[in-house]
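Heads up, the thing below is written out as C-alpha cells.
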Amino acid sequence: MSNQAQNRYSENGTLYLLWGWIIFTCSLVHYALLTYTSMGASAGYIWMLTIVALAYQLYYLNTKGKKETVKTYTDEMIGYVWMVFGISMGVVSFISAKLGSWQLMYALILLLYGMPTFLTGAIMRFAPLKIGGIVCWFLAVLAVVSAWIIPGYLLRAKFKNSLNG
C-alpha cells in the first residue's frame, strides 16, 4: 500500500515541479525588483502567482481524484501535512505584512517549507524529499547567520572601533 501511495503522489512530479518553479521564479523576481528597481513597496505582489499555482493544483488534484478509486491513509496524511503548511505560510505572511517586517521571511519560509517536505519524504519513504527538508532547515539557519548574526557582529566591531579611534 505504501508503494501504491508513493507511486500516486510522486507519479510524474507535476506538483513538485509546479511549486518549485513558482517559488524559484517569485523569489528571483522579488529580489530583482527590490534590488534593481524603485518598486520596493509593490515587489511583494509577485507572490500573487502562488494563487494561480494553488488554483491549478486544486484543479489538478480534483481531476486526478476523480480518476482514482481508492484514497489511502498515506494520501490523506500527506494532504493534511501540506494543508497545515499552507495555513502556516498564510498566517506567517499575513503577520509579516501587517508588521511590515519581511527581513526574516525567507528564513521562515525555508524553515516551514522543510517540515512538510521532510514529513512527506518520511511518509512516502522517499529519501530525496527527506534530504530536501533537511537542506531547507540548513539554509534557514545559514540565512539567519548570514543576514543577521555576522552583520551584527561586524557592526558591533565597527562601532567599538569608532569609539576607540
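Yes/no per residue for (1) assigned to a helix (DSSP H, G or I); (2) modelled with pLDDT under 90; (3) of a type in the set (Lys, Arg); (4) at negative phi:
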{"residue": "Val92", "(1), (2), (3), (4)": "yes, yes, no, yes"}
{"residue": "Lys98", "(1), (2), (3), (4)": "yes, yes, yes, yes"}
{"residue": "Leu112", "(1), (2), (3), (4)": "yes, no, no, yes"}
{"residue": "Thr117", "(1), (2), (3), (4)": "yes, no, no, yes"}
{"residue": "Leu129", "(1), (2), (3), (4)": "yes, no, no, yes"}
{"residue": "Cys136", "(1), (2), (3), (4)": "yes, no, no, yes"}
{"residue": "Ser146", "(1), (2), (3), (4)": "yes, yes, no, yes"}
{"residue": "Ala157", "(1), (2), (3), (4)": "yes, no, no, yes"}
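One line per residue, one yes/no per condition, for (1) of a type in the set (Gly, Ala, Ser); (2) within 23 Å of Phe94 (Cβ to Cβ):
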position: Trp19; (1), (2): no, yes
position: Ala32; (1), (2): yes, no
position: Met48; (1), (2): no, yes
position: Ala55; (1), (2): yes, yes
Looking only at segment 117-129, count how many residues are surrounded by 14 or more Cβ atoms within 10 Å (Cβ to Cβ) and closer than 16 Å to Gly13 by Cβ.
-> 6
Could you please find all residues in segment 142-155 being closer than 18 Å to Gly114 by Cα and surrounded by 14 or more Cβ atoms within 10 Å (Cβ to Cβ)?
-> Ala143, Val144
Qualifying position, being under 28 Å from Ala55 (Cβ atoms), touching a Pro at 6+ places or on another chain (Cβ under 8 Å) and among the aromatic types (Phe, Trp, Tyr), among Phe85, Phe118 = Phe85
Among residues of segment 86-97 being under 12 Å from Leu108 (Cβ atoms) and of a type outside the set (Gly, Ala, Ser), the residue nearest to the chain's Cα centre (by Cα) is Met89
Give Tyr45, Tyr106, Tyr60, Tyr56 a once-over and let me know the one that is within 13 Å of the chain's Cα centre (by Cα) and either among the aliphatic types (A, V, I, L, M) or closer than 21 Å to Leu18 by Cβ (or both).
-> Tyr106
Filter the helices (runs of 4 or more DSSP H) completely within segment 1-73 down to those with at least 1 residues that are modelled with pLDDT of 75 or more and of a type in the set (Val, Ile, Thr).
-> 14-36, 49-67
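The values are calculated or read from the model by the stated rules, or taken from the named source; none is laboratory data. Everything numeric in this text was worked out from a predicted model, so none of it was measured. Every residue, glycine as well, gets a Cβ built from its backbone with ideal geometry; the counts of neighbours run over all protein chains shown.
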